[in-house]
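In what follows, a structure is listed as structure tokens, so that the remarks can point back to it.
The values are calculated or read from the model by the stated rules, or taken from the named source; none is laboratory data. Note that this is a predicted model, so its numbers are computed, not measured. Cβ: placed from backbone, ideal geometry, glycine included. Neighbour counts: every protein chain shown.
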Amino acid sequence: MPESILTKRPETIEGLEQFYGYVDKAQVNEFLEQNQLLVPVLYEALPHLRKFFPAAQLLLEYWYDYENPKWVSLFAIIVPTEEPEKAQEKLGQFEDEWWLDAPTEISEKLSFSVEYGHVV
């Protein structure tokens with residue numbers, strides 16, 4: 001990933017609330033406390049997300065597999081204003097331009113998805 005444009009500003013878990021909604025704040029914050037390396041990535045993602053989804057709501061959701069509770073991750077959910085086909089195309093562009101270069105230790109813990117119907 002390119003060098004962060006946000007390195008001069010403090011990147012706190014609490015500060016993420018200015019930019020992201022939470023599906024379950026307690027779970028998200030606990031996960032981020034345990035995976036601090038994701039915090040600057042979520043800040044760094046913002047200008048890239050806004051490039052493709054300027055009016056979308058952005059949400060953070062903790063997720064785990066009921067069958068394998070060791071498999072846990074955080075989803076950055078994009079609730080777009082575009083039609084699904086267009087939104088998926090933009091997600092692909094976001095991934096190609098920025099996200100696919102993420103180190104494995106980050107991409108295993110954080111995913112980006114487009115979803116409709118979320119209200120937070």
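The table that follows gives values for the structure above.
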| read-out | value |
| --- | --- |
| Residues satisfying the stated conditions in the stretch 86-114, i.e. in a loop (DSSP other than H, G, I, E, B) and surrounded by 15 or more Cβ atoms within 10 Å (Cβ to Cβ) | 98, 102, 109 |
| Contacts under 9 angstrom Cβ, first residue in the stretch 95-110 being in contact (Cβ under 8 Å) with a residue 24 or more places away in the chain and on the phi < 0 side of the Ramachandran plot, partner basic (Lys, Arg) and surrounded by fewer than 15 Cβ atoms within 10 Å (Cβ to Cβ), 6 or more apart | 97/51; 98/51 |
| Out of 67, 61, sole residue that is among the acidic types (Asp, Glu), at negative phi and at pLDDT below 95 | 67 |
| Checklist (1) outside any strand (DSSP E or B); (2) over 16 Å from residue 98 (Cα atoms); (3) not basic (Lys, Arg) applied to residue 45, failing item | (2) |
| Among (1) of a type in the set (Gly, Ala, Ser); (2) in a loop (DSSP other than H, G, I, E, B); (3) surrounded by 18 or more Cβ atoms within 10 Å (Cβ to Cβ) - the single one residue 76 does not satisfy | (2) |
| Output for the stretch 64-91, where each listed residue is closer than 22 Å to residue 12 by Cβ and either touching a Cys at 6+ places or on another chain (Cβ under 9 Å) or among the hydroxyl-bearing types (Ser, Thr, Tyr) (or both) | 73 |
| Filtered residue count, the stretch 15-61, keeping only those that are touching a residue at least 12 places away in the same chain (Cβ under 8 Å), surrounded by fewer than 18 Cβ atoms within 10 Å (Cβ to Cβ) and under 18 Å from residue 87 (Cα atoms) | 5 |
| Unique residue being under 19 Å from residue 15 (Cβ atoms) and under 13 Å from the mean Cα position of the chain (by Cα) when the list is 61, 33 | 61 |
